[in-house]
Amino acid sequence: MNKLFTILFLIFLNFFFSHKQSFSEENKIKIGLLVPLSGENIKLGKQIVKATKLALRDINSDKIEIYPKDTESDPNKTLRSAIELSEMGINLVIGPVFYDNIIYLNEINNLTFLSLTNKTLDLPKNVISTGINSTSQLKTIQKFIELEKIKKTIFLIPNLNYDLEIKKGIKKSKIKIFKEHYYDIEPTKLTKQIEKITNYEIRKQNLFDEITRLENSDEVNKEKKIESLKKRYTLGGLNFDSLVVADFDESLKSVITSLIYTDVSPKNKYFITFNQWFDESLLNETSSQPIYYPSINKKNLENFEKKFFKEFNIKPNHISLLSYDLIGLIYYLTLKNDLSEINKIFKSKNSFKGKIGIFDIENNNINHRLNFYKVEQGNLKEIF
């Protein structure tokens, strides 16, 4: 009898634990990851995979499982990999990284994609942009403008493929602007356009006319006045208080150089630009300072970089931090919602505090509350 009881008990335990394990597996949250794991962007893709693994370790939960698939940075391969994820029963995917790779994803209606792109125009209905978009940046710039009580702001926007994104950001952020100007990034054309925007020739002629007038006048101490004027390049005010240059890297520096050439100084006007990801070369451009820009929280980025480097012995790309935060965001949402209704989750109003900062979620949009920084005298200072 005891032998029979023991056998029945062992059968029960085996049944219980096998079904418990099965139940646990069924209730795990499966997240797809669409990143380049081959081709020219393989290094970035592998860093994103590492960042998601780091996030899972830090969350310390076996509730989420990540399933990476290669995009090869190609829209056709991205679609094939997305189909494979769909066949695995996955309904939420982080990625793809690049805007060009999303074009066919509307063919898979049962998947929602948290793309790492910062572009928001013409997205398929099942793709949500999670990058640091223009709306997030312009809302932060607007906050600074209000803080400094700036009255007239002009926008300098390059004639490139993201100018429509900036127009959309201006509209959605409700930032108050005085005028918009579009410029060609080709250096010789750029300088001429900046001269026109800043009325350089008129102000230069004003200076020449004033010197001539003084030379022909009987004014007291006219020699000293003339000597002082000859140290200047132009004469006459500008009809704006600040300017926002929606540009990056060497092109941004070319615009600022042209502004300084036309006697528009960052010492007298606010020079503001878009997120520069703490480009250290800007610290060395002292003639262009002070210059202001929105960005993610620098201390959080540095802490993440230290953690990532300690774990993998490489410095991460900033997109890796974004993918790290998205794992945290998904985990947070699963604590409050059923992920099978993923579309409803991203349509409802919600907020999440990650390493980058605070995510604001509503109507299939993700915006970021950013910090604001000032580069002056070779140093970086946080404004808010």
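Values quoted throughout were computed directly from the atomic coordinates according to the rules given, and no laboratory measurement underlies them. Fair warning: this is a prediction, and the values are worked out from it, not measured in the lab. Virtual Cβ from ideal backbone geometry, glycine too; neighbours counted across all protein chains shown.
For segment 178-187, 3J(HN,Hα) computed residue by residue from phi via the Karplus equation (6.51, -1.76, 1.60; θ = phi - 60°) reads 8, 8, 10, 10, 10, 10, 8, 7, 5, x Hz, glycine and proline entered as x. For segment 297-375, taking Cα atoms only, Rg and Dmax work out to 14.4, 46 Å respectively.
Here the spin labels are modelled as points 7 Å beyond Cα on the Cα-Cβ line, and at residue 43 and residue 348 they lie 4.3 nm apart. Phi angles of segment 318-328 translate, via the Karplus equation with coefficients 6.51, -1.76, 1.60 and θ = phi - 60°, into HN-Hα couplings of 4, 5, 4, 5, 4, 5, 4, 5, 5, 5, x Hz per residue; Gly and Pro are given as x. Exposure proxy ranking for 140, 153, based on other Cβ atoms within 10 angstrom of each Cβ and starting from the fewest, stands as 153, 140. All other residues with a Cβ under 14 Å from the Cβ of residue 283 taken together, and with Lys, Arg as +1 and Asp, Glu as -1, what is their net charge? Residues near residue 283 contribute 0 overall. Comparing 121, 259, 111 in a Gaussian network model of the chain, where Cα atoms under 10 Å apart are tied by springs, the biggest mean-square fluctuation is seen for 121.
Rounded to the nearest 0.05, the FRET efficiency derived from the C-beta distance between residue 122 and residue 232 at R0 = 41 Å is 0.25.
Cβ-Cβ distance of residue 251 and residue 174, R₀ of 35 Å, FRET efficiency by 1/(1 + (r/R0)^6): the value works out to about 0.85. Note on the chain: GNM, Cα springs under 10 Å; of 132, 327, 66, the largest mean-square fluctuation is that of 66. Relative to the longest principal axis of the Cα atoms of the chain, the long axis of helix 134-148 lies at roughly 50 degrees.
Send over the per residue convex hull volume for segment 110-177, Cα only, as a whole number of Å³. List each step's numbers first, then the result.
Details: hull volume 5.9 nm³, N = 68.
Cα-based convex hull of segment 110-177, divided per residue, equals 87 Å³.
GNM on the chain, alpha-carbon springs under 10 angstrom: the most fluctuating residue among 253, 189, 171 is 189.
Around residue 195, with a cut-off of 14 angstrom between Cβ atoms, what is the net charge of the other residues, counting Lys and Arg +1 and Asp and Glu -1? It would help to have the intermediate numbers written out before the result.
Numbers: positive: 189, 192, 196, 203, 204; negative: 184, 201, 263.
Overall, the nearby charge balance is +2.
A simple spin-label model places pseudo-atoms 7 Å from Cα toward Cβ; at residue 86 and residue 205 they are separated by 6.4 nm. Here the spin labels are modelled as points 7 Å beyond Cα on the Cα-Cβ line, and at residue 196 and residue 63 they lie 5.8 nm apart. When the alpha carbon gyration tensor of the chain is reduced to an equivalent ellipsoid, the three semi-axes, largest first, read 56, 20, 17 Å. Pairs of Cα atoms nearer than 8 Å and 6+ residues apart set the relative contact order; for the chain it is 15 percent. Residues in segment 53-67 carry Karplus couplings, in order, of 5, 5, 5, 4, 5, 5, 5, 6, 9, 9, 6, 10, 10, 9, 10 Hz; the curve used is 6.51 cos²θ - 1.76 cosθ + 1.60 with θ = phi - 60°, and Gly or Pro positions show x. When 318, 368, 181 are arranged by Cβ crowding within 10 Å, least crowded first, meaning fewest neighbours, the order is 181, 318, 368.
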